[in-house]
Each structure stands twice: as structure tokens, then as C-alpha cells.
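The values are calculated or read from the model by the stated rules, or taken from the named source; none is laboratory data. Since this is a predicted model, take the numbers as computed values, not measurements. Cβ atoms come from the backbone with ideal geometry, glycine included; neighbour counts cover every protein chain shown.
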């Protein structure tokens, strides 16, 4: 089964009904039917939670928490192995620390990272990326 890693950018695009929302919805539907498996690091989940809380409210962040819990997305804890790889990416590339976790999870799981965040451009040689929102 194909494994894909979601960056927070993907779910935020869905929640904000951005142009890539349809692509994200299609990924979720395929995961729900068993075509592939979707993973997200808990650090990226936290990025969504604090962004919604800061931009809207605690109540809205809790609503998005429930929505994510109902999605066919498996949350992956950040163990020492993942944290080490994220730290390596953060030290070597101009990316946020949270983004480094999504990239590290993709590298360690030999999976495709699904995002539209151009910050990941510097990692194209190290991680396979499926770009959302670009045609």
C-alpha cells in the first residue's frame, strides 16, 4: 500500500476551501477506500491546532481536532529517530521546525510528502514531494 505524508498545509487548504481543497478531499476519499495510507506527524497536527486557535478561537480549534480525528489520517508520534531527522533537515535547510517533521516522516517512511508549501522546494532532492495546488 502506498503511504503518503500530509503536511499541515494540505489540511489547512481543505479547511480554508483553498484551490487545493478538492485535491486534498480526493486524497482523503482514496485513503478511506484503502487505496493508500495517509500519515501526519503530531507536530504538524499541533501546527494546525495552534494556527486555527490563533486565527479563530479555541472552540474552532477543537472542532478541527474532531474533524481530523474522523479522517482516515494516522497520527504518528515524534520519537527520537524522527526528531533527529527533523533536526538534520532544520539545520541543513531553510524550513520551519514543524515542516522539518513532515519531511523527516516522509524520508524515514520512504513516502511521498503531500503539500503545497513552497518552503519544501529545498528538500526535493531528499524527499519525494507531491505538489498540491500547482498544475
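Across the stretch 54-69, what is the total count of residues that are under 15 Å from residue 16 (Cβ atoms) and either modelled with pLDDT under 95 or assigned to a helix (DSSP H, G or I) (or both)?
8
Given the condition in contact (Cβ under 8 Å) with a residue 40 or more places away in the chain, part of a helix (DSSP H, G or I) and in contact with a strand residue (DSSP E or B) (Cβ under 7 Å, 6 or more places away or on another chain), answer yes or no: does some residue in the stretch 30-38 qualify?
Yes: the stretch 30-38 contains one or more residues that are in contact (Cβ under 8 Å) with a residue 40 or more places away in the chain, part of a helix (DSSP H, G or I) and in contact with a strand residue (DSSP E or B) (Cβ under 7 Å, 6 or more places away or on another chain).
Being touching a residue at least 24 places away in the same chain (Cβ under 8 Å) and over 27 Å from residue 36 (Cβ atoms): is that true of residue 90 here?
Considered against the rule, which asks whether it is touching a residue at least 24 places away in the same chain (Cβ under 8 Å) and over 27 Å from residue 36 (Cβ atoms), residue 90 comes out as no.
Could you say whether any residue in the stretch 79-87 is closer than 18 Å to residue 25 by Cα and out of contact with any strand residue (DSSP E or B) (no Cβ under 6 Å at 6 or more places or on another chain)?
no
Within the stretch 116-133, is there a residue that is without any contact (Cβ under 8 Å) to a residue 60 or more places away in the chain, closer than 20 Å to residue 79 by Cβ and not in a loop (DSSP other than H, G, I, E, B)?
No: the stretch 116-133 contains no residue that is without any contact (Cβ under 8 Å) to a residue 60 or more places away in the chain, closer than 20 Å to residue 79 by Cβ and not in a loop (DSSP other than H, G, I, E, B).
On the given criteria, is residue 98 surrounded by fewer than 22 Cβ atoms within 10 Å (Cβ to Cβ) and either touching a residue at least 40 places away in the same chain (Cβ under 8 Å) or not in a helix (DSSP H, G or I) (or both)?
Yes.
Yes or no, residue by residue, for (1) in contact with a helix residue (DSSP H, G or I) (Cβ under 6 Å, 6 or more places away or on another chain); (2) over 21 Å from residue 121 (Cα atoms):
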{"position": "10", "(1), (2)": "yes, no"}
{"position": "18", "(1), (2)": "no, no"}
{"position": "29", "(1), (2)": "no, yes"}
{"position": "81", "(1), (2)": "no, yes"}
{"position": "87", "(1), (2)": "no, no"}
{"position": "102", "(1), (2)": "yes, no"}
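Do we find that residue 48 is touching a helix residue (DSSP H, G or I) at 6+ places or on another chain (Cβ under 7 Å), modelled with pLDDT of 95 or more and farther than 17 Å from residue 4 by Cα in this structure?
Criteria met by residue 48.
Filter the stretch 41-60 for residues that are within 18 Å of residue 106 (Cβ to Cβ) and either free of Cβ contacts under 8 Å to residues at least 60 places away in the same chain or surrounded by fewer than 13 Cβ atoms within 10 Å (Cβ to Cβ) (or both) and give the result.
Result: 42, 43, 44, 45, 46, 47, 48.
Would you pick out the residues in the stretch 70-87 that are exposed (fewer than 11 other Cβ atoms within 10 Å of the Cβ) and either in a helix (DSSP H, G or I) or free of Cβ contacts under 8 Å to residues at least 24 places away in the same chain (or both)?
If the condition is that a residue be exposed (fewer than 11 other Cβ atoms within 10 Å of the Cβ) and either in a helix (DSSP H, G or I) or free of Cβ contacts under 8 Å to residues at least 24 places away in the same chain (or both), then 70, 79, 80, 81 are the ones that fit.
Scan the stretch 14-35 residue by residue and report those that are buried (at least 17 other Cβ atoms within 10 Å of the Cβ) and either within 13 Å of residue 130 (Cβ to Cβ) or under 9 Å from the mean Cα position of the chain (by Cα) (or both).
Passing the criteria: 20, 23, 24, 27.
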